[in-house]
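Beneath this line is the structure, given in structure tokens, with notes to follow.
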């Protein structure tokens, strides 16, 4: 099957690193370990599985950022992606919002033929999760968000999407944009030989200025602060005391469940 999959990825602070908000209301990433966004890793793995099953022929990864973002592209190449593209945004990186990223991806896709966009449902730094839906709107493609399962279905895709209220099975016809939940696939381990081979794979660098996209942010962070300190728990003697404590704190009222 001749079908190219595009997997947009993002370079974020490693999920195992604890970040703190500085006095000026910003997060200083200097000296922190940076890694591939975990949701994007799942998207890459599923794209590779689709290629290995014959449902696709090529997997391309792309990111918007500075030259420092090449490290996550090399990680994706070591996982098994065929080639990579860095859309170099230079100093605009710190102000890129979801719409700017979606517009850059849309402009890039006008230069190459892709049959599926498979990305992480959100980045763990901003937790906005808007790129997939915005890109689908720009492309006028069908979309499925928070996918927990994905398979080729004739000329389209069968996708199971889920949230806190349940799951839904969708069939998307033709080219589509799908965002991956962590349940979609378990990322494979990157081995030393694959890292060496990744250095030989093509990595194209595209100057964002050549795409003629307005990167002026439409959204702004009003305030950034650490979450409140969680109060200590309490111990109860028995189940009756537990129920009494829950009723006293009106837990059921707050969750919308009648006591």
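The values are calculated or read from the model by the stated rules, or taken from the named source; none is laboratory data. Quick caveat, the model's predicted, so the values are computed rather than measured. We place every Cβ from the backbone using ideal geometry, glycine too, and count neighbours over all the protein chains shown.
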Take segment 131-140 and flag every residue that is closer than 21 Å to residue 160 by Cα and crowded, with 18+ Cβ neighbours inside 10 Å. 131, 132, 134, 135, 136
Could you grab the pairs with beta carbons closer than 7 Å, sequence gap of 6+ or different chains, first residue in segment 163-189 and on the phi > 0 side of the Ramachandran plot, second one surrounded by fewer than 21 Cβ atoms within 10 Å (Cβ to Cβ) and at pLDDT below 90? 174/155; 174/156
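Whether any residue in segment 180-196 is over 30 Å from residue 150 (Cα atoms) and over 21 Å from the mean Cα position of the chain (by Cα) is what I want to check. Spell out the reasoning first.
Of all residues in segment 180-196, those over 30 Å from residue 150 (Cα atoms) come to 196.
Remaining after also requiring over 21 Å from the mean Cα position of the chain (by Cα): 196.
Yes, the conditions are met somewhere in segment 180-196.
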Cβ pairs under 6 Å, 6+ apart or interchain, first in segment 217-229 and touching a residue at least 40 places away in the same chain (Cβ under 8 Å) and at negative phi, second surrounded by 10 or more Cβ atoms within 10 Å (Cβ to Cβ) and not in a loop (DSSP other than H, G, I, E, B), ordered by first then second residue, are 217/95; 218/99
Could you check segment 60-78 and list, in sequence order, the residues that are more than 27 Å from residue 212 (Cβ to Cβ) and over 16 Å from the mean Cα position of the chain (by Cα)? 71, 74, 77, 78
